[in-house]
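Enquirer: This is the structure I want to talk about, given as structure tokens.
Any read-out appearing in this document is the output of simple, stated calculations on the displayed coordinates, not a laboratory observation. Being a predicted model, the structure only gives us computed values, none of them experimental. Ideal geometry is used to build each Cβ from the backbone, glycine not excepted, and the neighbour counts take in all protein chains shown.
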Amino acid sequence: MRRRPHTRVAAIAATGLLAAVLTACSQAAPQVQPPPKPAEPPPVVQNVQIERILKELSAELEQAQSESDPAALTGRVGGAALTMIQAHYAAKAANPEEQPLDLGTGFADGQIVARSALWPRSFVVVTDSEPTEAPYIYQIGQADARSPYKMVLWAKMLAGATVPPAAAAGVGSDVVEPGSDDRTEFSPIAAVQAYVAAKDDPSGEAAALLDTTVQDGRDPDPARERWSAWVKGWRDNAATLAGSSVSAASALVEGSVSALATADSGALVFAQVKSVLDFSFTPVEGAYVNLVGSQGYLGLGASTLQAHKSAHIEHLQSVVLAVPPKGADQPIKVIAVADLPTAVQVE
């Protein structure tokens with residue numbers, strides 16, 4: 001029996017298959033589409049979260065202020081913000097005539113949110129105040145993924161000051177590294193150091209870097225003005241006593257500087273400054289020195305206003321600065337400040 005016709009059919013089939021393969025291989029390769037541009041990442045804190053955080057913060061502040069007791073500040077206030085509030089209420093308990101600390105508990109629309117996947121994270125809000133009252137600016141921070149958001153800085157805005165808008169409206173602002181001057185004329189740390197130097201020496205070179213426009217004959221920054229007048233009072237006091245000495249200095253609190261990019265390519269900078277005054281003299285029988293300043297020192301470690309040998313007084317200050325973009329011929333603007341005595345030691 002002859003089988004060759006079957007072999008021929010098989011060969012033809014194989015030839016047809018090879019031709020089909022070759023035809024398929026000869027077709028043009030599909031065009032590879034470039035990946036779509038990534039959309040702007042959403043803020044790390046959503047509006048619904050911010051509303052809840054601010055509602056809880058407002059409730060704590062209102063209770064603390066109504067009872068003149070910081071014990072209510074259990075969950076939404078921390079860090080230097082809590083230290084300053086606690087110091088105020090300690091002073092007020094010892095001296096009821098101390099002016100109350102009336103922090104705002106309502107908030108204006110809008111906030112600036114740090115656009116960062118790393119911790120610590122933060123967002124910034126401004127209180128809603130009466131037209132005749134200066135609002136407060138609050139920095140709300142989260143130390144790590146498991147920690148709650150807490151108010152870590154509060155400061156009262158200066159007359160006429162405005163908060164620069166976020167770098168990306170509706171999305172937030174990139175975090176600016178404290179030591180970087182890639183986008184700004186001064187790094188955030190350098191800007192705060194200039195502020196510190198100007199606080200201790202109002203007529204020095206650093207003061208020329210700040211916006212020091214005088215209004216009604218007064219320095220627009222009440223914290224620097226108060227510190228200068230207060231230190232002068234101590235030095236005048238010391239000048240009347242033989243063997244007395246006064247030293248006063250301010251310093252940036254290490255690790256307290258943070259910054260967010262602003263729409264003008266500058267940065268909004270937040271920091272804490274610690275100012276310390278030391279006074280000592282050789283006591284003479286029957287002589288004493290009154291603590292210069294607030295009666296509230298009685299609640300901060302002083303059992304008497306008469307310092308017989310020495311006094312060590314610490315002030316803690318919050319400051320918010322607007323740093324100009326690189327190449328801009330503009331000063332560093334002081335946006336908001338708050339300062340309070342937080343510790344007193346006398347002998």
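Enquirer: Expressed as a fraction of 2.2 N^0.38 Å, the rule-of-thumb size for a compact globular protein of N residues, what is the C-alpha radius of gyration of the range 47-346?
Expert: Working: Rg = 20.0 Å, N = 300, 2.2 N^0.38 = 19.2 Å.
So the Cα radius of gyration is 1.04 times the expected 2.2 N^0.38 Å.
Enquirer: Excluding Gly160 itself, what net charge comes from residues whose Cβ is under 11 Å from its Cβ, given Lys and Arg +1 and Asp and Glu -1? Working shown, then result.
Expert: Working: positive: Lys333; negative: Asp211.
Net charge in that neighbourhood comes out at 0.
Enquirer: So if each residue of separation counts as 0.36 nm, and I subtract the Cα-Cα distance between Ala93 and Asp329, what length gain in nm does that give?
Expert: On the way: separation 236, 0.36 × 236 = 84.96 nm, distance 4.76 nm.
Net length gain for the segment: 80.2 nm.
Enquirer: Oh, and also: What are the aspartates and glutamates whose alpha-carbon lies under 14 Å from the alpha-carbon of Lys156, with same-chain residues fewer than 8 places away excluded?
Expert: Asp102, Asp128, Glu130, Glu133, Asp221, Asp339
Enquirer: Please compare each pair in Lys199/Lys333; Lys232/Lys333; Lys232/Lys274; Lys92/Lys199; Lys55/Lys333 to a cut-off of 20 Å on the Cα-Cα distance and tell me which ones are over it. Don't skip to the answer; put the middle values down first.
Expert: On the way: Lys199/Lys333 14 Å; Lys232/Lys333 25 Å; Lys232/Lys274 18 Å; Lys92/Lys199 26 Å; Lys55/Lys333 30 Å.
Violating the 20 Å limit, Cα to Cα: Lys232/Lys333; Lys92/Lys199; Lys55/Lys333.
Enquirer: Restricting to bridges with both residues inside the range 47-346, how much of the DSSP beta-bridge set is antiparallel, in percent to the nearest 5?
Expert: Working: 62 of 65 bridges.
The antiparallel fraction comes to roughly 95 percent.
Enquirer: If you don't mind, there's one more thing I want to ask. In percent, what relative contact order does the range 47-346 have, based on Cα pairs under 8 Å that are 6 or more apart in sequence?
Expert: Values: 631 pairs, mean separation 57.1, N = 300.
Normalised by residue count, the contact order of the range 47-346 is 19 percent.
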